[in-house]
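Undergrad: Have a look at the structure that comes next, please.
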Amino acid sequence: MALSLVAAMSMGLLAGCDAQQKEQVHLTVKTPALSSVSVCDPEIDSADEFLVKMARAFAAQYRDADVTIDVVTFSQTGEDGAVTDCFDTENAVDVLYEGYFNMATYIHTGRVVPLDDIITDEIRTDISESTWAISQIDGKTYMMPFLSLQNVMSYNKALFREAGLDAFISGEDEIQTWTLEEWETILNTLAERLPAGKYPMMMYAKNNQGDTHIMTLLRSHGSGFFNEKGKLNLNTEEGIAALQWLKDGYDRGWFPPKCENLEIIDAANLFRNGQLALYVSNNALVSVYPHLEIGYVNFPSQSGDGYATSFVTGFEVFDNGDEMKVKVGKDFVKFIYQHEEWLDYSAGGIPASSRVTEKYKDQIFMLDAFHRNNENAVDFTANNPNWRGVRAVFFPHIQDLLRGDKTAAEVAAALDADCNAAIEAGYKNSTLHQ
């Protein structure tokens, strides 16, 4: 009887343990390879590094499930393989951290869940309404804004001095502006005076990584890039003039030779090695080139005020058919925004959080300058669906332009036709998660 009683009690205890056993949940958090300057943690220099820290802290304190989280980094050219191609596989992304200009496409697949139910009043009021608006479609929030980045151009002061362009070098931490005539003087002078193996300005069109800066350059002669309906509108006098300007610059030696075959990493390496005078930059890339003396300038514009592009980076949660994973993914994102220790990492750019901005305002490089420059920032997606589809058809036409296979007018017409077809397909195929 004693043995039977002990056995029965043991079975009861085991049954109780089984009843209390937590569900095992595995999350895959993905991010492209993104540099990140961290004023709160000097050991961090990339997004995946702070995501790993966040994931470990979340899993250690979570009580609704036993959670394991893998942080996966993919190349900037491997976006489709890492996200859409992985739908309905064991490698599907549960939480994505990156820029909204790519994320908007995923929202329209119906896989990205609204996050309004995890946004507390405290979180809501800590982030500006304009930033929330960028992250929303039809009044629902599909991305949690973490930080914003403003793309301008950086220039190597040593190469400017080597070419006798001292008059254009600023001694202040500021974002300069040059007129179109000054841009042409600078680029022509660099092309004439820099020694072999050194080049005036970046240009790369091998893949879709060149689109953002090229699209901004195509505003240089007065084009608004989009029409009133948000469609590309480059087949105009201003758009054709800008395209011709790029082609003329190619022929004058403004860019590395055969730049239609280069990608962003090639240009980055040239700039890092002191072989490129002008390169696209943003406030998250400040520490990437500590050995260079760098100045900052807006992209060229007809008015002379210059242009910048600004985009929000943050978190999306995907529905892969597992309700528990969706819940844990949303809880993970909420955890970040409810704990100052993790929200502080947004100071690697311009924080979406006003609280973090105030806390680190004296440590964030050129924060005031970038804030003032917001008035020169342009919307380079017009919140169109299928922007990745636009990017996929954009760069082949720029290759045609640079190679001289098509005229500027022909390229302008082709860009409008193919990019707007991609946008239309995005609207036609759009579905939003409810």
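The values are calculated or read from the model by the stated rules, or taken from the named source; none is laboratory data. Computed from a prediction, not measured in an experiment: that's the story for all the values here. Note: ideal-geometry Cβ built from the backbone for every residue, glycine included; neighbour counts use all protein chains shown. These accessible areas exclude ligands, DNA and RNA; they are computed on the full protein's heavy atoms, side chains included. Shrake-Rupley method; radii C 1.70, N 1.55, O 1.52, S 1.80 Å.
Undergrad: Only one of (1) in a helix (DSSP H, G or I); (2) open to solvent by 40 Å² or more (accessible area, probe 1.4 Å) fails for K330. Which number is that?
TA: (2)
Undergrad: Can I ask one more? Go through region 171-203 and give me each residue that's open to solvent by 50 Å² or more (accessible area, probe 1.4 Å) and outside any helix (DSSP H, G or I).
TA: The answer is G171, E172, D173, E174, T177, T179, P195, A196, K198, Y199.
Undergrad: Taking into account only those residues within region 370-387 that are more than 18 Å from T216 (Cβ to Cβ) and assigned to a helix (DSSP H, G or I), which is most open to solvent (accessible area, probe 1.4 Å)?
TA: Looking at the filtered set, the residue picked out is R372.
Undergrad: Name the pairs: first residue in region 210-224 and without any contact (Cβ under 8 Å) to a residue 60 or more places away in the chain, second residue part of a loop (DSSP other than H, G, I, E, B) and not acidic (D, E), Cβ to Cβ under 8 Å, at least 6 apart or on different chains?
TA: Correct list of pairs: L218/F225; L218/L234; S223/N233; S223/L234; S223/T236; G224/N233.
Undergrad: To continue, here is another question. For a quick check of your reading of the model, give me the residue pairs whose first member lies in region 382-395 and is in contact (Cβ under 8 Å) with a residue 60 or more places away in the chain, whose second is part of a loop (DSSP other than H, G, I, E, B) and among the β-branched types (V, I, T), with beta-carbon atoms closer than 7 Å and at least 6 apart or on different chains.
TA: Partner pairs satisfying both residue conditions: W387/T381.
Undergrad: Within region 392-432, track down each residue that is modelled with pLDDT under 95, touching a helix residue (DSSP H, G or I) at 6+ places or on another chain (Cβ under 8 Å) and assigned to a loop (DSSP other than H, G, I, E, B).
TA: Hit for region 392-432 is L432, nothing else.
Undergrad: Looking only at region 80-108, filter to residues that are in contact with a helix residue (DSSP H, G or I) (Cβ under 7 Å, 6 or more places away or on another chain) and β-branched (V, I, T); which one of those is most open to solvent (accessible area, probe 1.4 Å)?
TA: Taking the candidates together, the pick is T105.
Undergrad: Out of the residues in region 117-129 that are in a loop (DSSP other than H, G, I, E, B) and either polar (S, T, N, Q) or at pLDDT below 95 (or both), state the one that is nearest to the chain's Cα centre (by Cα).
TA: Within region 117-129, the match that is nearest to the chain's Cα centre (by Cα) is S128.
Undergrad: How many residues are surrounded by fewer than 18 Cβ atoms within 10 Å (Cβ to Cβ) and either more than 30 Å from D64 (Cα to Cα) or within 20 Å of the chain's Cα centre (by Cα) (or both) when one looks only at region 24-38?
TA: Selection size over region 24-38: 2.
Undergrad: Keeping to region 130-170, report how many residues are assigned to a strand (DSSP E or B), under 30 Å from R193 (Cβ atoms) and not β-branched (V, I, T).
TA: Of the residues in region 130-170, 5 are assigned to a strand (DSSP E or B), under 30 Å from R193 (Cβ atoms) and not β-branched (V, I, T).
Undergrad: May I pose another question? Keeping to region 287-310, report how many residues are more than 23 Å from V39 (Cα to Cα), part of a strand (DSSP E or B) and open to solvent by 30 Å² or more (accessible area, probe 1.4 Å).
TA: 1
Undergrad: In addition: Go through region 39-76 and count every residue that is in contact with a Pro (Cβ under 9 Å, 6 or more places away or on another chain) and open to solvent by less than 40 Å² (accessible area, probe 1.4 Å).
TA: Residues that pass the stated criteria total 2.
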